[in-house]
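These notes are about the structure you will find just below.
The values are calculated or read from the model by the stated rules, or taken from the named source; none is laboratory data. Quantities reported herein were computed from a predicted structural model and do not represent experimental measurements. Because the Cβ atoms are built from the backbone with ideal geometry, glycine has one as well, and the counts that use them run over all protein chains shown. SASA here: full protein model, heavy atoms, side chains in, ligands and nucleic acids out. Shrake-Rupley method; radii C 1.70, N 1.55, O 1.52, S 1.80 Å.
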Amino acid sequence: MNENLIFKIAAVGILVTILSQVLKQSGREEHAFLTSLAGLLIVLFWIVPYIYELFETMRKLFAL
Amino acid sequence: MDIIRISILGILAVLLSMILKHYKPEYSYFLNLGMCICVFLYVVSKLEFLLDYVEQIQSLIHLDPVYLSMILKMIGITYVAEFAVNLCRDAGCQTIAGQIELFAKLSILIISMPVVLAFIETIEELM
């Protein structure tokens with residue numbers, strides 16, 4: 001089923017955490033913020049279709 | 001079986017979000033959201049079987065379909081509202097959760113109003 005969604009989110013989360021730590025150490029604070037923002041947007045784009053699909057099935061199922 | 005898969009997935013998601021909670025809390029919240037959606041999609045697919053049985057029962061008993069669709073609508077509203085409310089509470093926003101819950105209760109009340117009216121009218125006729 002769609003378990004890989006969870007693993008993808010976790011991977012992006014860990015990756016962004018490491019990247020922002022590295023960037024923070026090297027003094028580029030705003031780059032760290034930009035990477036975490038980019039990571040958030042990526043995950044958002046992954047999750048929104050799932051949410052839409054979920055509520056669409058709910059609507060069809062219960063004739064809301 | 002499905003239940004084993006879901007529980008393993010749940011525990012895994014909790015552990016992963018535990019790691020992320022310290023450094024980037026928003027990702028742990030995204031993880032919870034993704035996990036809830038996966039389980040909810042499973043639940044919805046199981047519900048379809050349930051609804052087929054309900055339809056069969058309904059055809060046997062010759063119940064008025066209006067009441068059945070009303071009950072289904074209420075169940076749907078509670079499901080969606082429960083999903084949203086728990087997610088908002090999980091993220092720490094109690095007020096938003098309360099508002100959604102209030103709206104869900106009101107919409108269920110509005111749906112059930114015709115039944116109450118019909119009930120009162122029948123009582124009036126008996127008087």
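Quick one: Debye curve from the C-alpha atoms of chain B, no solvent, what's log10 I(q)/I(0) at q = 0.11, 0.17, 0.21 Å⁻¹?
Rounded to two decimals, the profile gives -0.59, -1.03, -1.22.
Enter the accessible area per residue of segment B:1-123 (Å², integer; probe 1.4 Å; all protein chains in place). Walk me through the numbers on the way to the answer.
Working: 7750 Å² over 123 residues.
Accessible area per residue, segment B:1-123: 63 Å².
Excluding ligands, DNA and RNA, what is the solvent-accessible area per residue of chain A at a probe of 1.4 Å, expressed in Å²? Before the final figure, lay out each step's value.
On the way: 3820 Å² over 64 residues.
Heavy-atom SASA per residue in chain A reads 60 Å².
Give me the summed buried accessible area for the B-A pair, 1.4 Å probe, to the nearest 100 Å². Don't skip to the end; give the middle numbers.
On the way: alone 9800 and 5330 Å², together 12160 Å².
Summed over both sides, the interface buries about 3000 Å².
7 Å from Cα along Cα→Cβ at both residue B:103 and residue B:42: what's the point-to-point distance in nm?
The modelled label-to-label distance comes out at 2.9 nm.
What number, in nm² with one decimal, is the all-direction average of the projected area of the convex hull of the alpha-carbon atoms of segment A:3-62? Could the numbers behind the result be given before it?
Values: hull surface 17.5 nm².
For segment A:3-62, the mean projected area of the Cα convex hull comes to 4.4 nm².
Going highest first, how would you order B:100-112, B:71-83 by mean Cβ packing within 10 Å? Could you put the intermediate results ahead of the total?
Details: B:100-112: 14.2, B:71-83: 17.3.
In descending order of packing, they fall as B:71-83, B:100-112.
Per residue of B:21-32, how many C-beta atoms from partner chains lie within 10 Å of its own C-beta, taken as a mean? Intermediate results must be reported in sequence, preceding the final value.
Working: counts 1, 1, 8, 9, 0, 6, 11, 3, 0, 12, 7, 2.
Average per residue, whole number: 5.
Using the Cα atoms of the protein assembly as shown to build a convex hull, what is its mean projected area in square nanometres? Walk me through the intermediate numbers first.
Details: hull surface 56.7 nm².
Dividing the Cα hull surface by four gives the mean projection, 14.2 nm².
Per the 1.4 Å probe, what fraction of the accessible area of the protein assembly as shown, in percent, lies on carbon and sulfur atoms? Before the final figure, lay out each step's value.
Numbers: 9000 of 12160 Å².
It is 74 percent, rounded to a whole number.
Looking only at other chains, what is the average number of their beta-carbon atoms within 10 angstrom of each beta-carbon in B:38-51? The partial results should precede the final answer.
Numbers: counts 7, 0, 6, 7, 1, 2, 8, 3, 0, 4, 3, 0, 1, 2.
Whole-number average of other-chain Cβ neighbours for B:38-51 is 3.
Run the numbers on chain B and let me know its relative contact order in percent, using alpha-carbon pairs under 8 Å that are six or more apart. Mind showing how you got there, number by number?
Details: 46 pairs, mean separation 20.2, N = 127.
Over chain B, the number comes to 16 percent.
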